[in-house]
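J.: I am attaching a structure below and will ask some questions about it afterwards.
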Amino acid sequence: MKILIRLLYLVILLIVLALGMIFSFRNTAEVPLDLFFVQLPAASLSVWVLASFALGGLLGMLFTLGVALRLKTGNLLLARKLGKATTTNQQTPDTQAG
């Protein structure tokens, strides 16, 4: 089963790479990029589009990492509080006599 999943991932990866290459070959027009304060040199349209796509993905991963670290820290603090509460509960004598 693992081999089948890996083969599926490989096929998907090859399809995405082929589509990226086709996109690059079809969008070869030289386009300068004008950012308000900076004008970047002319490069093919596919380079700018793929670079912006990659930059967006990296920024998304960076922001997600910040949220994940905050949640992980919260989980560790709650686990520590639970451990202290459990040990305190085990150390107190039973106050309810039957």
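J.: Looking at SER52, SER46, which one is part of a helix (DSSP H, G or I), in contact with a Phe, Trp or Tyr (Cβ under 9 Å, 6 or more places away or on another chain) and free of Cβ contacts under 8 Å to residues at least 24 places away in the same chain?
T.: Working: SER52 fails: in contact with a Phe, Trp or Tyr (Cβ under 9 Å, 6 or more places away or on another chain).
After applying the criteria, what remains is SER46.
J.: Okay, moving on. Against the condition open to solvent by less than 100 Å² (accessible area, probe 1.4 Å) and either closer than 30 Å to MET21 by Cβ or of a type in the set (D, E, K, R) (or both), how does ALA68 come out, does it pass?
T.: So ALA68 does not fit the description; no.
J.: All but one of (1) open to solvent by less than 90 Å² (accessible area, probe 1.4 Å); (2) of a type outside the set (Phe, Trp, Tyr); (3) assigned to a helix (DSSP H, G or I) hold for LEU82; which doesn't?
T.: Of the numbered conditions (1) open to solvent by less than 90 Å² (accessible area, probe 1.4 Å); (2) of a type outside the set (Phe, Trp, Tyr); (3) assigned to a helix (DSSP H, G or I), the odd one out for LEU82 is (1).
J.: Looking only at segment 41-84, which residues are more than 13 Å from the chain's Cα centre (by Cα) and of a type in the set (S, T, N, Q)? Spell out the reasoning first.
T.: Pass one, segment 41-84, residues more than 13 Å from the chain's Cα centre (by Cα): 41-53, 70-84.
Correct list: SER44, SER46, SER52, THR73, ASN75.
The values are calculated or read from the model by the stated rules, or taken from the named source; none is laboratory data. Quick caveat: nothing in here was measured; it's all calculated off a predicted structure. Here the Cβ is made from the backbone with ideal geometry for all residues, glycine too, and neighbour counts use every protein chain on show. Note: areas computed on protein heavy atoms with side chains; ligands, DNA, RNA excluded. Shrake-Rupley method; radii C 1.70, N 1.55, O 1.52, S 1.80 Å.
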